[in-house]
Amino acid sequence: MKRIHISLLLLALAGLLVTCRDLLDVAPNDRIDLDSFYTSPSDAEAALIGAYNYTFRSDLLSNIIFYSNRSSDDLTAPLEGRQSDPLMFRPALNSGSGEPAGLWRASYEALATINLLLERAPAINENLFNNANPGSGTIQVNRKAALLGEAHFLRAFIYYHLVQFFGDVPLIIEFPKSSRPEDNRVPRTPQAQVMQQVMNDLDFATENLPWNHNNLGVLDADQLIQSKGRATKGAALLLRARIHQQNREWQKAIDLCREIMNSGQFRLVERWVTIFDAGNGSQNTSESILETQTRTGPGEFNNTGGYAWFHQDGRPRRGATLEAYNLFEGTAAEPRDVRKVFSMSQRTDNPDQIYAVKYANSFPWWAPEDPFNFVPMRLTECYLIIAEALNELGFPNDEAMAYINLIRERSKDLNFTTGPIPGVEPFSFADIRSQAEFRQKIREERRRELMFEGHRFFDLMRYDAMDNGDRTMKALGLTSPDKLMFPIPESELVNNPLLTQNPGY
Amino acid sequence: MRAILLACLLLCVCCSILSAQERTIRGKVTDANREALIGVNIQVKNTTKGTVTEIDGSYELEGVAPTDVLVVTYIGMLRQELRVGNRSTIDITMSEDANQLDEVIVVGYGTTRRRDVMSSIASVSAEEVSRMPVASIDQAIQGRAAGVQVIKNTGAPGGGVSIRVRGTGSINGNQEPLYVIDGVPINNTFSGSTTPAGANFNYGGQAGNEVINGLAGINFDDIESIEILKDAASASIYGARAANGVVLITTKRGQVGRSQISINSYFGFQNLARRYDLLNAQQFAAVVNEAQVRAGALDPVFIRDTPFDTDWQNEIFRTAPMVNTSLSFSGGSDKTQYLVSLSYFNQQGIVINSGFDRVGFRTNLDHKISDRFKVGTNLFLSYSNSQRLRNTGGPNVQDDFNGNAVFGPSVIASALTASPLIPVFDPNTGFYAADTLNSIKNPVALARELDLNSYSLRALGNFFAELELIKGLRFRTNLGADIRDENEEFFFGETPGVGGSGRLQRRSFRELIWLSENYLTYNTKLGESHSIELLGGASFQKSVNDGYTIGLGSIIGTQVTNLSASNDILAPYSDPDNTWAMVSYFTRARYDFQNKYYFSGTMRVDGSSRFGPNRQYGFFPSGSLGWRVSEEAFFGNLKSAINELKVRGSYGLTGNDQIPPFGWRASAVQLNTNYIGQIGTVPISIQNEDYSWESTVQLDVGVDIGLFEDRFGLVVDYYKKTSRDLLLFVPLPQTTGFGSALSNIGSIENRGWEFGLTGRLIDTRNFSWSGNFNITFNQNEVLELVGGQDVTSGSFGYANVARVGLPISFQLFRLEETVDPVTGNRRVRDLNGNGIRDAGDIEIVGSPLPKHFGGFSNNFRYKNFDANLFFQWSYGNLIINNTRSFIQNDGKSTINRIGTNLSTEALNRWQREGDVTNFPAIDYTNNQNVVNGLSAAGVPTDQNLEDGSYLRLKNLTIGYTLPKTLLTKWGMSSARIYFTANNLLTFTRYSGYDPEVNHNTLTNLAVGYDDGTYPQARVFLFGFNVNL
């Protein structure tokens, strides 16, 4: 009995002394613990998909496209809109306005996702990537490099647009390490420095991205949407070309655009409307360089809200300016330019009111899934950039003229739904006598061609910088250059005292 | 010389043994009233020889020597030791163990005597409540323990309850106390209510915010005592889980002695105490016609005939039966004691198609392997089914297609607003009649055709072993488990008159909480004066759980009601993880000098998987001091009047670990973030290494007084409880990619006074009157919030606010006394005088927390009759009666407002310009949601802010104990029959069904709402307790 007691006592003491340290290491099974994530290629691929979703969702990409148009001379107030639209009164825009704050928030949310991926993914063994699809019959070459390239492109894409709207912005390239507000206060980084980061990211992307994603090991039918829906070398080159164009580094812009045009990956479509005519099943055309891939289904990426800027209750809700309408040749009765007819419609009862209908679709705006792609980058822009750059480098330039006429040629559409449209006449140096005049023609053509596609505000700002002009100011109803940039959101100034406000707010 | 003497002595003893005949002794055991006592245990000391008394109190014991000592024990009586001597007949009179001070009470990891308690512990003994039936533990506590506020959230059978020990001390954490049953800390919450704050998943059940009571599965008749540890000194032995108080529940055990069989049974019925007065068919038709004219109808008499006049309240409410039976067998030998019980409880709800039933089995065993080693087990198994109603707010809540849960319209709110012109069944079709005028669903169809059943299987038990290593040093091991398997089935098929395609939802929740505890206790006395108790041990506990919710849509017909019903899976479905684990070490030291001066100190270290790595282990110390002044010599003669005067104080730290389980981790989810048909993940949180428990520092000072041999008792406590490090959302710079992070930053204080009075006013043989009274004054104050910014509850229309310097409050717009005499619209008071309704017109209007609450009980006994009157109250709390707003034309849901029934207050409505009244025009055209000047539509106003004070006759019981003479004849040891009424009388100015209401239990801040809530019933029961 005594022996039993002693052994029980020992057992008891052992029970007391057992430390169950491991007991506390409880990992959740309803979410991914970031500490143990990014260890496999599939983790990194999923994170990249999340980054695409965040970058292309309506809060970010659609807003970039819409705000750029709305901050210009192309769009007016909602014609029959029920939603208030403070942006239309740029003078009334203030630091409490929701739109800039929303764009700011969505941008940095996406950046956190991308930064995390770029921090963690490099540590994954690259050989794992290339065997990621065993049995698929495809050997993926440098998938890891391509994946990182895609992420670098997305970061560059977001920072590029942040700078366009806000000027100097905090440059953050790391996922936050601390959840304390005081550890996360950062000042605004001079935009030159941000743009340098953008260029670095794009350099990496250009070097590492393939021209297409046909080797991802997916079905042939999916290769197209992979190649159009993901960043490619073409997209990286075009974004770089845009920046060089903005910096008036004409030759560089030309070289990059030529690289895209000569790659054999893209070509202009014959019928211009097919680029946007998703309602008729046309998407991912040969002209598209980057196109958001919407699809229906639970959890899938859709463009809800994106088109809502243009449509409400199944009706167009945006008004185009008369100036924009009159920029095109032809009238409603005698159409000349398919781009006019497809992009805008004049109210019959009130000819001064023009609807912007470029993104008209047959689906109501509140439909839970909106299977319409946006095309933020397409080949035509390369032609326009080269034409503009060549003209800046010397006048007259026949190649520039040829490109512009190539674009004008597509104003013709003999199979348009409402009847044949004859198209506009080509330009010729017989009529255009000076470099300045041609510059003006190129700019007008660019405006017509890319109308409502999110370029106009950036173009106006660029032209003002070139010409020392004030067209943006006037277009926005401002009397001084104050408020050309968006305000830094009020809540950000409160939570981060290191930030300074843009002038005018 | 001495040796010789000793030898002689021994010889004498031996001789006497030899000479003394071992003989049989007989006798009778009675109580002070000379009533025979059955089942009294009589044991020969230091032997296994013993017996128990028969039904007439007689006993017979063979082979007893004169030197033997008899040990006589009986529950509730003082233990006696008698030397046998030469007697052969020994009659024994036992006296009641009336001394409260020697009463043993349960504390964390041990027991103590009442007089040695130097902290604030409220006890509710089974005896106190055994004479009045209650369905659940919380009802036994309500009104009986000072400082403990029990709010029945809903009257639904098996419905949830909120218990606040000394006030509200958290905003985003859980506020319910820790429940420990026979040493096993359990999960007292229904799984549906464990939605972690800030989680991405809505884990609410189908019945919306009316969650089920996690304690409802436990059979009340099994309970021996309930102790509520209120102050830091008593509670901090449970460390990080003790900030909301600790409720210790001890179940009954078998006693040495004759086998006992007891049967407790009651049955009766319940009904609704109050109703809303609604318009009848004619009045309603007049209102609709008037509104149609206003809306421009061509025919001024829109409704001519009123062939039906349906009183929907009559149709959905009913008088419902309720039955409870429990049967227990207990007893045992000196070595082994047992208690087994079986219980069945069935309560039909007062709303049709609702109810709760439970069957429970218990086995409690104790066995002594040797004098120093004992083992035992407690095991409780129960199966319960809650037949619930979808009851979440308004009558027009539509199915939420994108949400995780498919909520539906509230049955009660629908019954209040449904048109009286519509019959229950359409006489032409025989199907449920549907209204064409409005979108209110047929309330009877809602109740009958939407099935929502929650099944719960629960096993709760532990194994323990205790070994006395050396005298006074005991080692105890306790291995326990709380196992639950819950399934919720929701189904509604296509029902004519109800509409909508069929829908189904399944929620499943499984949990195993295991516990492994080992501790050493050492009790000793150094000399006569120094008593020492030392305790030290370790505890490991882990909850492994899993739950999911999945829904199906597009169900055809009503035949297939399980997951085979369709392949239209409603997304998103959720499967949240609430796993947690704890590693704890605890120690306690108690010392007293001559039962006069008491010192104790407690420390617990709690490590939890919920806490961030920088603060994974929390340290929770406390200490108490006590002085029994009445034991001092100088107290002298005073002692004859004041037999007990105790002054005590305690101070310490406790924690609240009921915070979202993985809140510190940086994590990512798949948050509808797919692209190109591939799954995408995004980060949702940043690592917060400092994420930790909410801590509460509590000071308690108290006095215990006993007068005239404890005939009267008074307990007074002052406490100050400061809860700090409250988890709040701190805004982050958006440049992090995140809007906010949960941080331990806020602070709330509760301070107050508790008074408890007990008295045996009259105590004679034939008549006695005893009573007790308790009252608590609690003052709640928010001390610190993030940047001093108000925290408001997010739910729509709800207006709770936490503001620094104030208690948790309501903030609302104020209504003008009368409607606009020109338009007939309600207007808000323009507090800032700027002519429009804006934030400047919102003001703090008061608090949903009571100024004081308590209860008082009177027990009478006349001969064999007994009576109990138990009142309970709450004073000074406000309620937002949203239920009433549905029938007040409140304009909150304009589209669906047309043709809904109204309160009879509408008879006094605004009809034409110039009418001065407080009831607005019935206007089906006016879109009141449009903010128009001072229009009161669509914003929370004080329109239905009401005083929620009440005084309630919670219990009235009249019982009769059958006389012994009769019982003996029938072979019973005791029997009592009784009649009970619960909630018989309620004195209140509250206009709703029931002032005891707290609808929104999922959000801590949102208290004080009546939102179509299931009312409590009036209950009438007949019952009996029989012991064989």
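The values are calculated or read from the model by the stated rules, or taken from the named source; none is laboratory data. This structure is a prediction, so every number in the text was calculated from the model and none was measured. All Cβ positions, even for glycine, are placed from backbone atoms using ideal geometry, and neighbour counts span all protein chains on display. In case anyone asks, the SASA skips ligands and DNA or RNA and just uses the protein heavy atoms, side chains included. Shrake-Rupley method; radii C 1.70, N 1.55, O 1.52, S 1.80 Å.
Looking at the stretch B:691-730 only, could you name the residues that are modelled with pLDDT under 90, within 30 Å of A:Leu116 (Cα to Cα) and open to solvent by 20 Å² or more (accessible area, probe 1.4 Å)?
B:Phe729
When you check A:Ala110 against the structure, is it farther than 30 Å from A:Ile488 by Cβ, within 14 Å of another protein chain (Cβ to nearest Cβ) and modelled with pLDDT of 90 or more, yes or no?
no
Please find, within the stretch B:732-747, the residue that is nearest to B:Ala232 (Cα to Cα) out of those that are buried (at least 19 other Cβ atoms within 10 Å of the Cβ) and out of contact with any Asp or Glu (no Cβ under 7 Å at 6 or more places or on another chain).
Taking the candidates together, the pick is B:Ser743.
Looking only at the stretch B:665-680, count every residue that is open to solvent by 10 Å² or more (accessible area, probe 1.4 Å), polar (S, T, N, Q) and in contact with a helix residue (DSSP H, G or I) (Cβ under 6 Å, 6 or more places away or on another chain) and tell me the total.
1
Go over the candidates B:Ala937, B:Ala921, B:Ala906 one by one and state the one that is open to solvent by less than 20 Å² (accessible area, probe 1.4 Å), hydrophobic (A, V, I, L, M, F, W, C) and either modelled with pLDDT of 90 or more or part of a helix (DSSP H, G or I) (or both).
Result of the check over B:Ala937, B:Ala921, B:Ala906: B:Ala906.
Tell me which of these B:Tyr591 doesn't satisfy, since it passes every other one: (1) touching a strand residue (DSSP E or B) at 6+ places or on another chain (Cβ under 8 Å); (2) closer than 30 Å to B:Leu450 by Cβ; (3) more than 14 Å from chain A (Cβ to nearest Cβ); (4) of a type outside the set (S, T, N, Q).
Answer for B:Tyr591: the failing condition is (2).
crowded, with 19+ Cβ neighbours inside 10 Å and within 14 Å of chain A (Cβ to nearest Cβ): does that describe B:Gly493?
no
Show me the strands (runs of 3 or more DSSP E) entirely contained within the stretch B:832-892 in which 2 or more residues are among the hydroxyl-bearing types (Ser, Thr, Tyr) and crowded, with 17+ Cβ neighbours inside 10 Å.
none
Out of all the residues in the stretch A:173-194, which are open to solvent by 30 Å² or more (accessible area, probe 1.4 Å) and in contact with a helix residue (DSSP H, G or I) (Cβ under 6 Å, 6 or more places away or on another chain)?
Hits for the stretch A:173-194 are A:Ile173, A:Glu174, A:Gln191.
Show the residue pairs that are 6+ apart or on different chains and have beta-carbon atoms under 8 Å apart, the first residue being within the stretch B:631-655 and surrounded by fewer than 13 Cβ atoms within 10 Å (Cβ to Cβ), the second being not in a strand (DSSP E or B).
That search, which allows pairs on different chains as well, returns B:Ala641/B:Phe708.
Would you mind finding the one in A:Leu493, A:Leu499, A:Leu390 that is of a type outside the set (S, T, N, Q), within 14 Å of another protein chain (Cβ to nearest Cβ) and in contact with an Asp or Glu (Cβ under 7 Å, 6 or more places away or on another chain)?
Exactly one of A:Leu493, A:Leu499, A:Leu390 is of a type outside the set (S, T, N, Q), within 14 Å of another protein chain (Cβ to nearest Cβ) and in contact with an Asp or Glu (Cβ under 7 Å, 6 or more places away or on another chain), namely A:Leu499.
Select, from B:Leu467, B:Leu515, B:Leu504, B:Leu534, the only residue that is part of a strand (DSSP E or B), within 10 Å of chain A (Cβ to nearest Cβ) and surrounded by 15 or more Cβ atoms within 10 Å (Cβ to Cβ).
Step by step, each of B:Leu467, B:Leu515, B:Leu504, B:Leu534 is checked, and only B:Leu467 is part of a strand (DSSP E or B), within 10 Å of chain A (Cβ to nearest Cβ) and surrounded by 15 or more Cβ atoms within 10 Å (Cβ to Cβ).
Are there any helices (runs of 4 or more DSSP H) wholly within the stretch A:208-269 with 2 or more residues that are of a type outside the set (Gly, Ala, Ser) and in contact with a Cys (Cβ under 8 Å, 6 or more places away or on another chain), and if so which?
The qualifying helices (runs of 4 or more DSSP H) are A:233-246, A:250-261.
Please work out which residue is modelled with the highest pLDDT, limiting yourself to the stretch B:218-232 and to residues that are open to solvent by 10 Å² or more (accessible area, probe 1.4 Å) and either among the acidic types (Asp, Glu) or outside any strand (DSSP E or B) (or both).
B:Lys230
Does B:Ser600 count as more than 9 Å from chain A (Cβ to nearest Cβ), surrounded by 19 or more Cβ atoms within 10 Å (Cβ to Cβ), closer than 20 Å to B:Asn523 by Cβ and among the small types (Gly, Ala, Ser)?
Answer is yes for this residue.
Within the stretch A:41-74, how many residues are over 16 Å from the mean Cα position of the chain (by Cα) and either among the hydroxyl-bearing types (Ser, Thr, Tyr) or open to solvent by 10 Å² or more (accessible area, probe 1.4 Å) (or both)?
Qualifying residue count, the stretch A:41-74: 8.
Only one residue in B:Gly1012, B:Gly948, B:Gly1023 is under 30 Å from B:Leu726 (Cβ atoms), in contact with a Pro (Cβ under 8 Å, 6 or more places away or on another chain) and of a type in the set (Gly, Ala, Ser), so which one is that?
B:Gly948
Taking into account only those residues within the stretch A:23-42 that are assigned to a helix (DSSP H, G or I) and out of contact with any strand residue (DSSP E or B) (no Cβ under 8 Å at 6 or more places or on another chain), which is farthest from the other protein chains (Cβ to nearest Cβ)?
A:Pro41
Among the residues of the stretch B:124-143, is any open to solvent by 10 Å² or more (accessible area, probe 1.4 Å), touching a residue at least 40 places away in the same chain (Cβ under 8 Å) and within 30 Å of B:Ile532 (Cβ to Cβ)?
yes
Yes or no: B:Glu528 more than 14 Å from chain A (Cβ to nearest Cβ), acidic (Asp, Glu) and surrounded by 15 or more Cβ atoms within 10 Å (Cβ to Cβ)?
The answer is no for B:Glu528.
Name the single residue that is nearest to the chain's Cα centre (by Cα) among those in the stretch A:405-453 being closer than 29 Å to A:Gly394 by Cα and of a type in the set (Ser, Thr, Tyr).
Selected residue: A:Ser411.
Could you say which residue among B:Met1, B:Met77 is touching a strand residue (DSSP E or B) at 6+ places or on another chain (Cβ under 9 Å) and either at pLDDT below 75 or of a type outside the set (Phe, Trp, Tyr) (or both)?
One residue alone meets the criteria, B:Met77.
Condition first: under 13 Å from B:Phe492 (Cβ atoms) and either free of Cβ contacts under 8 Å to residues at least 12 places away in the same chain or part of a strand (DSSP E or B) (or both). Now tell me which residues in the stretch B:561-572 satisfy that.
None - no residue of the stretch B:561-572 is under 13 Å from B:Phe492 (Cβ atoms) and either free of Cβ contacts under 8 Å to residues at least 12 places away in the same chain or part of a strand (DSSP E or B) (or both), so the list stays empty.
Assess whether B:Asn545 counts as being open to solvent by less than 30 Å² (accessible area, probe 1.4 Å), at the interface with another protein chain (Cβ under 10 Å from one of its Cβ atoms) and not basic (Lys, Arg).
No: the conditions fail for B:Asn545.
Just to check your reading of the model, which residue among B:Phe586, B:Phe619, B:Phe611, B:Phe540 is more than 14 Å from chain A (Cβ to nearest Cβ) and hydrophobic (A, V, I, L, M, F, W, C)?
B:Phe619
In the list B:Ser743, B:Ser695, B:Ser768, which residue meets the criterion of being polar (S, T, N, Q), assigned to a strand (DSSP E or B) and within 14 Å of chain A (Cβ to nearest Cβ)?
B:Ser743
Would you check which residues across the stretch B:662-674 are in a loop (DSSP other than H, G, I, E, B) and either within 7 Å of chain A (Cβ to nearest Cβ) or without any contact (Cβ under 8 Å) to a residue 40 or more places away in the chain (or both) and list them?
B:Phe662, B:Arg665, B:Ala666, B:Gln670, B:Asn672, B:Thr673, B:Asn674, listed by residue number.
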